[in-house]
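Report on the structure given below.
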Amino acid sequence: MAALRRINGVFYEVYTSDGEPDTDYASYSSSSTDSTIMNNEVVVDFLQEQRDAAPDELQHYFLSFEDYWERKLWHELTDILVEYYSEAASAPQRIPLYDNFVKSFADKINQLKLVQVGLSTASQCKDDTERLAFLTTLAARVNKPACQDAYVFALTSVASVRLRLGQKAEARADLDKCEAILDTFDAVETVVHASFYRVSADYYQQQNEFAAYYRTTLLYLACVELADLSPKERHRTAYDLSIAALVSETIYNFGELLLHPILDSLTNTEHAWLRDLLFAFNRGDLHAYTILQQHLQANRLLQEHQGFLYQKISLSSLTQLVFSRAPQDRSMTFATISAETKVQLDEIEHLIMKALSLGLLRGSIDQVAEVARISWVQPKVLDRPGIEGMRTRLREWDGGVERLGTWIEGVGRDVWAT
């Protein structure tokens, strides 16, 4: 009898060059062929069982799984698996499908997409302890030189679960490892960077490192489409970013946040006041702050930082005053500063010194004459009135240049004639 050889799911008889049955091949391959047939039958039976158990709207996926698997179309199989795992109704079958089907060809498909499928599977684990074990195994599986991006993607998810379990030191070690790997890449899929920044931001938030959380979350938002986030996620992110910006001791310019559409997620919600408070800080509006101050009790961090928040908005009021004046008109008495910023006169000198030490202003103070001479102020994000003020100043500058040109022309007429 001729040997049988399976090619793309079809068995062919194998002969030698003389036209005789290839008994050597038959002897060599009989055991492996029997094993392959047995494995194929097991997989086919499993897929049929899962198809029967699946909701009607998902049953067509299993027909495609079987077809692509038998033809070894790994790319097509991977894409349809990712599509299937994104279906909410697939949740009950994710773990058995991964364990009994996906793992059998896991090394043959795109490892980044394998991790994506694995993360969807992990969401069905009964608790974070089981989820950590699953994701740790997945990360180890894709830890190969050729797919370090997939390894980072999986390891950041491991770190995320560790944070939820209170294993902060281990999570920090995982994130440091991910950062070291990412630094070696010239380019990487945005989903990998997004995952790293999201988990890093979670770590910084747990550590109350407000400035680091603020910067990292903005980097995360740069890697994702806001439309891909649920309304609840957008609102939560906008809320946490706003709190971090306000209570951070190193963030005095909220420009990037004020211009980001994520902040619109607070509009017409119970936290709309927080958005108004940020804009009040940006323009140094102490009157608006006094009105909105009643809401500070709604958040523990804001309540604990009330004294600091008053100093912060006072500094903003000072820098706004300097910014609104022309460069040649930035020598001001303490009394003038107090009157225009609404800050108490006896607090002005300390306020200016604080602004100078933080790098918000550059200049000098005449303590005897009680005069501040400012040469530079940190740039600010302009709202509509600020833009109108800048437009007025540019027109004044243009008019001044034109008058100077006219004067030079008149005084130097004889010179020009010569």
Find all pairs meeting these conditions: Cβ atoms under 6 angstrom apart; at least six residues apart or on different chains; first residue within the stretch 351-364 and free of Cβ contacts under 8 Å to residues at least 24 places away in the same chain; second residue open to solvent by 40 Å² or more (accessible area, probe 1.4 Å) and among the charged types (D, E, K, R).
-> SER364/ARG373
Return yes when GLU233 is modelled with pLDDT of 95 or more, closer than 24 Å to LEU358 by Cβ and open to solvent by 40 Å² or more (accessible area, probe 1.4 Å) and no when it is not.
-> no
Might you let me know whether the stretch 96-113 holds any residue that is open to solvent by 20 Å² or more (accessible area, probe 1.4 Å) and β-branched (Val, Ile, Thr)?
-> no
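From GLU179, GLU189, which residue is charged (D, E, K, R) and closer than 30 Å to ASP264 by Cβ?
Values: GLU179 fails: closer than 30 Å to ASP264 by Cβ.
One residue alone meets the criteria, GLU189.
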Identify the residue in the stretch 220-260 that is touching a helix residue (DSSP H, G or I) at 6+ places or on another chain (Cβ under 6 Å) and of a type in the set (Phe, Trp, Tyr) and, among all such residues, is nearest to GLN320 (Cα to Cα).
-> PHE254
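Please enumerate the residues belonging to the stretch 203-230 that are open to solvent by 30 Å² or more (accessible area, probe 1.4 Å) and part of a helix (DSSP H, G or I). Give the derivation first.
Taking the stretch 203-230 as the starting set, the residues that turn out to be open to solvent by 30 Å² or more (accessible area, probe 1.4 Å) are 204-210, 215, 219-220, 222-228, 230.
Scanning the stretch 203-230 gives TYR204, GLN205, GLN206, PHE210, ARG215, LEU219, TYR220, ALA222, LEU226, ALA227, ASP228.
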Mind counting the residues in the stretch 292-320 that are surrounded by 16 or more Cβ atoms within 10 Å (Cβ to Cβ) and acidic (Asp, Glu)?
-> 0
Residues in the stretch 109-124: is at least one touching a Cys at 6+ places or on another chain (Cβ under 8 Å), closer than 27 Å to THR190 by Cβ and not basic (Lys, Arg)?
-> yes
Only one of (1) at pLDDT 95 or above; (2) not in a loop (DSSP other than H, G, I, E, B) does not apply to GLN124, and that is (2)
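How do the helices (runs of 4 or more DSSP H) wholly within the stretch 329-418 filter down when requiring 2 or more residues that are open to solvent by less than 80 Å² (accessible area, probe 1.4 Å): which remain?
Working: elements: 334-341, 348-357, 384-411, 413-417.
In the stretch 329-418, the matching helices (runs of 4 or more DSSP H) lie at 334-341, 348-357, 384-411.
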Any hit, the stretch 103-123, residues being closer than 27 Å to ASP174 by Cβ and of a type in the set (Asp, Glu) | yes
Selected residue (only one of TYR289, TYR310 is of a type in the set (Phe, Trp, Tyr), in contact (Cβ under 8 Å) with a residue 24 or more places away in the chain and farther than 30 Å from ASP398 by Cα) = TYR289
Pairs where the first residue, in the stretch 46-64, is touching a residue at least 12 places away in the same chain (Cβ under 8 Å) and among the hydroxyl-bearing types (Ser, Thr, Tyr) and the second is in a helix (DSSP H, G or I) and open to solvent by less than 70 Å² (accessible area, probe 1.4 Å), C-beta under 9 Å, 6+ apart | TYR61/ARG51; TYR61/ILE80; TYR61/LEU81; TYR61/TYR84; TYR61/SER90; SER64/LEU77; SER64/ILE80; SER64/TYR84
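Criterion first (of a type in the set (Asp, Glu), touching a residue at least 12 places away in the same chain (Cβ under 8 Å), closer than 16 Å to THR237 by Cα and open to solvent by 80 Å² or more (accessible area, probe 1.4 Å)) does GLU256 satisfy it?
Numbers: of a type in the set (Asp, Glu): yes; touching a residue at least 12 places away in the same chain (Cβ under 8 Å): yes; closer than 16 Å to THR237 by Cα: yes; open to solvent by 80 Å² or more (accessible area, probe 1.4 Å): yes.
It is true that GLU256 is of a type in the set (Asp, Glu), touching a residue at least 12 places away in the same chain (Cβ under 8 Å), closer than 16 Å to THR237 by Cα and open to solvent by 80 Å² or more (accessible area, probe 1.4 Å).
In this structure, is LEU132 open to solvent by less than 70 Å² (accessible area, probe 1.4 Å), in contact with a Leu (Cβ under 7 Å, 6 or more places away or on another chain) and farther than 25 Å from ASP228 by Cα? Talk me through it step by step, then tell me what you get.
Values: open to solvent by less than 70 Å² (accessible area, probe 1.4 Å): yes; in contact with a Leu (Cβ under 7 Å, 6 or more places away or on another chain): yes; farther than 25 Å from ASP228 by Cα: yes.
It is true that LEU132 is open to solvent by less than 70 Å² (accessible area, probe 1.4 Å), in contact with a Leu (Cβ under 7 Å, 6 or more places away or on another chain) and farther than 25 Å from ASP228 by Cα.
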Filter result (assigned to a helix (DSSP H, G or I) and more than 20 Å from PRO385 (Cβ to Cβ)) within the stretch 247-263 | VAL247, GLU256, PRO261, ILE262
Criterion (at pLDDT 95 or above and of a type outside the set (Ser, Thr, Tyr)) met by exactly one of GLU256, GLU270 | GLU270
Taking interchain pairs and intrachain pairs at least six residues apart, which have beta carbon atoms under 7 angstrom, with the first residue in the stretch 139-158 and under 14 Å from SER200 (Cβ atoms) and the second of a type in the set (Asp, Glu) and buried (at least 18 other Cβ atoms within 10 Å of the Cβ)?
-> LEU155/ASP174; VAL158/ASP174
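The values are calculated or read from the model by the stated rules, or taken from the named source; none is laboratory data. Values in this document were obtained by computation on a predicted structure and should not be read as measured data. So basically every Cβ, Gly included, is an ideal-geometry build from the backbone, and we count neighbours across all protein chains shown. Ligands, DNA and RNA are stripped out before the accessible areas are found, and what is left, the full protein with its side chains, is counted by its heavy atoms. Shrake-Rupley method; radii C 1.70, N 1.55, O 1.52, S 1.80 Å.
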